[in-house]
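Report on the structure given below.
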Amino acid sequence: MNKNNHHIFPPATPEISKKRAELAPDQVKAFRNFSKEVFKEGALDEKTKQLIAVASAHITQCPYCIKGHTKQAKQKGATNEEIMEAIWIASEMRAGAAYAHAALAIDEMEIS
């Protein structure tokens, strides 16, 4: 199943990571440092941060982020049930945003 998406999204490889770093080394270094800082334990523990990232990745629909943060969440001790619950929260938020934005269409319908 994992291999079937390679025709849509190329696999994340060390070679691609190296190429990104070669093309923009300062930005990649800054991004990696930022990411380390964001995901280190603070007011929220690392597992919770990864569950938030899993949900966010589903909202933004980034396949690489979904895979990477799901793996990280598992490594930080998240259960499959916790990960799925985070995904359901993302689903509600995405659907809720579409519903809430209907106000824009309604407003436009009233003007036209």
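The values are calculated or read from the model by the stated rules, or taken from the named source; none is laboratory data. Given the structure is predicted, the values throughout are model-derived calculations rather than measurements. A quick note on method: Cβ atoms are made from the backbone with ideal geometry, for glycine too, and the neighbour counts reach across all protein chains shown.
A few remarks follow.
- Subset tally (residues that are of a type outside the set (A, V, I, L, M, F, W, C), exposed (fewer than 14 other Cβ atoms within 10 Å of the Cβ) and under 14 Å from residue 73 (Cα atoms)) for segment 37-55: 3
- Matching residues in segment 1-34 - criterion: being surrounded by 11 or more Cβ atoms within 10 Å (Cβ to Cβ) and among the polar types (S, T, N, Q): 5, 17, 27
- Qualifying position, being in contact with a Cys (Cβ under 7 Å, 6 or more places away or on another chain) and under 28 Å from residue 93 (Cα atoms), among 78, 73, 57: 57
Conditions (1) in contact (Cβ under 8 Å) with a residue 12 or more places away in the chain; (2) surrounded by 10 or more Cβ atoms within 10 Å (Cβ to Cβ); (3) touching a helix residue (DSSP H, G or I) at 6+ places or on another chain (Cβ under 6 Å), marked per residue:
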site: 57; (1), (2), (3): yes, yes, yes
site: 72; (1), (2), (3): yes, yes, yes
site: 80; (1), (2), (3): no, yes, no
site: 84; (1), (2), (3): no, yes, no
site: 87; (1), (2), (3): yes, yes, yes
site: 94; (1), (2), (3): yes, yes, yes
site: 105; (1), (2), (3): no, no, no
site: 111; (1), (2), (3): no, no, no
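- Of the residues making up segment 65-85, those that are under 12 Å from the mean Cα position of the chain (by Cα) and closer than 15 Å to residue 45 by Cα are 69, 72, 73.
- Within segment 34-54, the presence of a residue that is assigned to a helix (DSSP H, G or I), among the aliphatic types (A, V, I, L, M), over 26 Å from residue 9 (Cα atoms) and at pLDDT below 95 is excluded.
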